[in-house]
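The values are calculated or read from the model by the stated rules, or taken from the named source; none is laboratory data. A quick note: this is a predicted structure, and the numbers were derived from the prediction, not measured. All Cβ positions, even for glycine, are placed from backbone atoms using ideal geometry, and neighbour counts span all protein chains on display. Side chains are part of the model used for accessible areas, which takes the heavy atoms of the whole protein and leaves out ligands, DNA and RNA. Shrake-Rupley method; radii C 1.70, N 1.55, O 1.52, S 1.80 Å.
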Amino acid sequence: MVEFFRSWAEVAAFAFMFFGIFIAILSPSAFISYIIVLLSGMIAGRIFYERRKNTRIAYTMVTLGFVAGYAAGAFFRHFGNILVILVLFLIGIIVMYKLSERGFIPDTWF
Amino acid sequence: MAEIIDYKDKFKRYFWPTRNEYLGMIVAVLAVAFIISFRDWGSGSVFAWGEGLLNYAEAIVIVGISFWVFDAGQRLWGLAINYRLRYKVWSMGLLFGLIVCFITNGSLWLILPSGFLVEHLTAYRLGWFRYGINMFGQGLMALGGPIACLLLIIVIKIFSFALPAAFVEKAVFFNFIFIITSMIPFPPLAGSKTYFGSKMAYAFTMPAIVSAAILLVLDINIFLSAFLAIVIGVCLWLTYYFVFEQTAWQGPG
């Protein structure tokens, strides 16, 4: 159990990689796949904003795990270009981070 | 009489949301309206802008009214126990709901719009037992939302003769789903506040409210629905108590 708590970020990153593959496989088309990755990027942006004053390495690992899984899933499904997926994910992160920073979405965190 | 005057004063001062709360509410309404109107942008694989926008506008009206009623129910209950509610949109819940909507092609409505924060009306709560903000009070306040939505279903059904059938059907079904999702005990949803406030209260209210919503959707008489919902709630409340709670609190000895 102690081992798990010491390396929960790696476990979560691994789990989210499979989650990403699963989501990418479920996407019905390339266009929807792009929209989903943009929305996922926005979720990640929100998480990074909430963690802006704390350590972010664990969340970065989980995010990278997810996007890697998603890109792999989209690649095998032949739905969308991997580069476009990565760029849209990054745009999602930046847009949501900026929106949160400027207070456009008066949000709650759990 | 003094209580009524007092309540009226609190209503006037503290009931109405602030600009920021309205902003959050608008974001939530637009996103959830998109989720529930996702399948209504044309028929089959043909995309129709006009029809889609009309259906989206109808969904905005339904979601807007439902969210307003939900929020007002919680605010009114909060003012009764001298708490002021602050509406907080939950962007992660909305984004996750949108992702699920895209994946399932709009077949699954995951409505996770918001939570709330509580402000303590200091002067009004002077002399109260457990004067400060407490979880139980928040839990009761959270229940005001789903109960208000149940009342909204009843009102819509009563006035269904004067409203378009498609509107009534969609509004009732949306409120039914919204009540169920809002009672999920996951923060920051209303169900989580009730659950963390009192497990026993949750064990009664969750089945009672959900079964009332199901019975109302099934077109069963309003009074019979209310009676059956209370019976179901009591049965599951007792079951929960005897199966789990009774033994869980016996302590280590």
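Report yes if residue B:143 is away from chain A (no Cβ under 14 Å), modelled with pLDDT of 90 or more and either in contact with a Cys (Cβ under 7 Å, 6 or more places away or on another chain) or open to solvent by 70 Å² or more (accessible area, probe 1.4 Å) (or both), otherwise no. When the stated conditions are applied, residue B:143 does not pass them. Taken over region B:8-55, the criterion of being touching a residue at least 24 places away in the same chain (Cβ under 8 Å) and among the charged types (D, E, K, R) is satisfied by B:10, B:21, B:39. Among all residues of region B:209-232, there is at least one that is of a type in the set (D, E, K, R) and open to solvent by 70 Å² or more (accessible area, probe 1.4 Å).
Residues are listed down the side, and each one gets a yes or a no for (1) surrounded by 16 or more Cβ atoms within 10 Å (Cβ to Cβ); (2) farther than 20 Å from residue B:185 by Cα; (3) not aliphatic (A, V, I, L, M):
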site: B:45; (1), (2), (3): no, yes, yes
site: B:63; (1), (2), (3): yes, yes, no
site: B:84; (1), (2), (3): yes, yes, yes
site: B:92; (1), (2), (3): yes, no, no
site: B:121; (1), (2), (3): yes, yes, no
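Before we move on, is residue B:165 over 30 Å from residue A:33 (Cα atoms), within 14 Å of another protein chain (Cβ to nearest Cβ) and not β-branched (Val, Ile, Thr)? No: the conditions fail for residue B:165.
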